[in-house]
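Have a look at the structure below before the remarks.
Derivation of every value follows stated rules applied to the coordinates shown; laboratory data play no part. Bear in mind the structure is a predicted one, so any value in this text is a computation, not a measurement. Glycine also receives a Cβ, built like all others from the backbone with ideal geometry; neighbour counts cover every protein chain displayed.
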Amino acid sequence: MRITHVALRTLDLPLVAPFTTSFSTQTHRRVLVIELHADVDGVEVVGWGECGALSEPVYSEEYLAGVIDVTTTYLLPMLVDAQRRAPLTAETVAHHLGRIVGHRMAKAAVEMAVLDAQLRASGVSFASYLGVTRDRVPSGVSIGIQDSIPELLDVVQGYLDDGYVRLKLKIKPGWDLEPVRAVREAHPDVPLQVDANAAYTLVDATHLAKLDAYDLLLIEQPLAEDDLRQHAELATHMRTPLCLDESVVSATAAADAIALGAAQIINIKPSRVGGYLEARRIHDIASAHGIAVWCGGMLETGIGRAANAALAGMPGFTLPGDISASDRFYAEDITEPFVIEDGHLAIPREPGLARVPHAGRLEAATVDLVRLDA
Ligand code: OSB
Ligand code: MG
């Protein structure tokens, strides 16, 4: 394919309720959506990409304005240059962008748009491209830090009523043992896990080990992103399986974490690791080591949610992901919404990454627009 022009849209989407983690409270999702127009054998195709970066560099070092800058200044011009020598494919995007250090979420969004265009042009769904044979994935929900335990129990009951098959509670120092105990006492059998978003240090090992009493599926990223060795040490102090999110930025990082004993489970977020193709490699490495994986989320619109649902259909995804229905975050998604049915989301089978934004809703949500011609 040959890229002809690209629109980078910043959307502002109100959340149905504030989402609080150890690093921020969000009431709106500001998200970058890439609309990439390409020529494939004389036919114009459009590919859609969504960037996982938040508006501030608080989950990872990337942030929305930085993503737009690196994408317009470096990533897209590099692909335009590369396509002068040979037709562009999704599988070569990472190679062409390899000279740029880091900026994985930006690279992931660009690769995603190219992949979507490529699959659409050939009429292939992302699920078939990945060899996925399942037709649905179990749906888990990530529950933000609440103001009180009674409010938390109300929120939990609401999600259980919706049918979610697994709960993930965000924790931080001062909001950990009490909320976990309350939810476990109210729901003795519910599959339950926690996510600390790097809010602890190894000094907290004895405290964190008290979570072992609550029969958790896992504890996600208790320590800092670059504390692989300390995660391995913490794993020897707790029975609850250790899962990494922030630390696993690539297949190499996944291999290191597994070899060090720093991860018994891996949360795969395609945006964090530089794209769906690297995400698949991490799935493959983890499966070869007997390490379970599950698909994480970044409050995706229907564009990213569709792709995540397909990825999570791969056989190594043996734990429910943070792949909730669209209405868990958005009263109105920019695409046809994903709905939860019997605790599951259907894996889409339309060509490409499957969901395209509704033009009117996209326009209404756009707060910034940058156009680039190849
Ligand atoms: O750590 O998994 C995380 C959202 C933003 C940043 C980090 C995380 C999250 C979530 C949301 O937990 C999960 C979802 O999109 O459903
Ligand atoms: Mg996490």
Per-pair calculated FRET efficiency, R0 = 25 Å: residue 147 and residue 201 via Cβ, rounded to 0.05: 0.45
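So if we plug the beta-carbon distance of residue 122 and residue 7 into 1/(1 + (r/R0)^6) with R0 = 30 Å, what FRET efficiency do we get, rounded to 0.05? Walk me through the intermediate numbers first.
Values: r = 23 Å, r/R0 = 0.76.
Calculated value: 0.85.
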Highest GNM mean-square fluctuation among 37, 231, 358, for the chain with Cα springs under 10 Å, belongs to 358
Between 0 and 90°, nearest 10: helix 177-186 axis offset from the chain longest Cα axis: 90 degrees
The answer for the per residue Cα convex hull volume of the range 128-346, in Å³, is 114 Å³
Tail beyond 39 Å, pair distance distribution of the chain (Cα, percent): 12 percent
At R0 = 30 Å, FRET efficiency that the Cβ-Cβ distance of residue 86 and residue 369 yields, to 0.05: 0.50
Could you work out how far helix 104-122 tilts from the main Cα principal axis of the chain, as a 0 to 90 degree angle to the nearest 10? 60 degrees
Separation of the residue 332 and residue 284 label points, Cα + 7 Å toward Cβ, nm: 4.3 nm
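If you filter the range 165-261 for chymotrypsin sites (Phe, Trp or Tyr not before Pro), then keep DSSP loop positions with at most 16 other Cβ within 10 Å, what is left? Please report the intermediate quantities before stating the final value.
Numbers: sites: 175, 200, 214; in loops: 200.
When the chymotrypsin sites (Phe, Trp or Tyr not before Pro) of the range 165-261 are filtered for loop state and at most 16 Cβ neighbours within 10 Å, nothing remains.
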Please enumerate, by chain and number, the lysines with C-alpha under 25 Å from the C-alpha of residue 168, excluding those fewer than 8 residues away in the same chain. 210, 269
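Under a point-charge model restricted to the Cβ atoms of Lys and Arg (+1) and Asp and Glu (-1), what is the dipole moment magnitude of the range 128-346 relative to its Cα centre, in debye to the nearest 20? Write down the numbers at each step before the final one.
Details: 17 positive and 32 negative charges, 126 e Å.
The dipole of the range 128-346 has a size of about 600 debye.
Please figure out what share of the DSSP beta bridges in the chain is antiparallel and state it in percent, rounded to the nearest 5.
Working: 34 of 55 bridges.
Taking every DSSP beta bridge within the chain, about 60 percent pair in antiparallel fashion.
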By how many degrees, between 0 and 90 and to the nearest 10, does the Cα long axis of helix 251-260 differ from the longest principal axis of the chain? 20 degrees
As an exercise, identify the trypsin sites (Lys or Arg not before Pro) in the range 49-123 lying in DSSP coil whose Cβ has no more than 12 other Cβ atoms within 10 Å. 84, 85, 99
